[in-house]
Amino acid sequence: MAARDSYKHAREAMVENQIIARGITDTRVLAAMRSIPRHAFVPEKFASEAYDDHPLPVGAGQTISQPYIVALMTSRLLLSGKEKVLEIGTGSGYQAAILAMLAGEVHSVERIPELAESAQKTLKELGIKNVFVYTADGSLGWPDAAPYDRIIVTAAAPAVPKELTEQLKQGGRLIIPVGERWNQMLEEWERTDAGLEKRDVLPVVFVPLLGEKGWKE
Ligand code: SAH
């Protein structure tokens, strides 16, 4: 038992000290964060740091977000269980795994093939079947499975690509870091009957969204 999940206590401490302590109360989000083994998504040499209060490298110059940021973005999506979610920036697949527990299906787009493959492998090993990973430029969204109830972008954009808001259902929500290359505002967009509404959530630092509607390489 201990050998199977020796990080259970570290994960519980992460939820208590980093997530609940900062005001996240959504019990479904907390349950998902308690359940998904974050150490399985980071390179082995960082496994012992997987539950620490900071982002970690996942290879190819990319990072897995700080646990609190994953919890915050997830809770802002207000998922009830049936939603079709689009994620841009699969990275390690950790955020996708959290979403998979809370929504109906997750479509996740990653531009770096090695990361997409490795994320797919980890998700499969954990028996997670409702995440679909694609290698493509997600700055254009993923039209094949559109429209979505929710869209989450885990890389920073210079502006919100109109392709993303166009792929959002009526009543749908989008969360995305927008701003300068190394300094952004986490923005929450909602498609209401009156049109698109925007709220600022928190200043953040994400790796850049590279691509046609992102930053140039
Ligand atoms: N959600 C991830 C962290 C993502 S880091 C996790 O849980 O681990 C941001 C990711 O966005 C990186 O993997 C990067 O390669 C990817 N990315 C950047 N620009 C992209 C684009 N245009 N389309 C798809 N993925 C992109």
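The values are calculated or read from the model by the stated rules, or taken from the named source; none is laboratory data. Since we're looking at a predicted model, the values are computed, not measured. Note that we place each Cβ from the backbone using ideal geometry, even for glycine, and neighbour counts take in every protein chain shown. Note: areas computed on protein heavy atoms with side chains; ligands, DNA, RNA excluded. Shrake-Rupley method; radii C 1.70, N 1.55, O 1.52, S 1.80 Å.
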query = If you take the residues in the stretch 179-210 that are open to solvent by 20 Å² or more (accessible area, probe 1.4 Å) and closer than 21 Å to residue 136 by Cβ, which one is farthest from the ligand (Cβ to nearest atom)?
reply = 208
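Applying the selection to the stretch 37-56, what residues are near the ligand (Cβ under 10 Å from one of its atoms) and either β-branched (Val, Ile, Thr) or open to solvent by 30 Å² or more (accessible area, probe 1.4 Å) (or both)? Lay out the reasoning, then the answer.
Initially, the stretch 37-56 is screened for residues near the ligand (Cβ under 10 Å from one of its atoms), giving 38, 41-42, 55-56.
Hits for the stretch 37-56 are 42, 55.
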ask   = When you look at residue 14, is it closer than 21 Å to residue 178 by Cα, of a type outside the set (S, T, N, Q) and in contact (Cβ under 8 Å) with a residue 40 or more places away in the chain, yes or no?
value = no
ask   = Which one is surrounded by the fewest Cβ atoms within 10 Å (Cβ to Cβ), of the residues in the stretch 80-95 that are more than 16 Å from the ligand (Cβ to nearest atom) and closer than 14 Å to residue 29 by Cβ?
value = 81
note = Only one of (1) under 20 Å from residue 112 (Cα atoms); (2) in contact (Cβ under 8 Å) with a residue 40 or more places away in the chain; (3) open to solvent by 20 Å² or more (accessible area, probe 1.4 Å) does not apply to residue 151, and that is (3)
query = Across the stretch 142-174, what is the total count of residues that are over 18 Å from residue 104 (Cβ atoms) and outside any helix (DSSP H, G or I)?
reply = 9
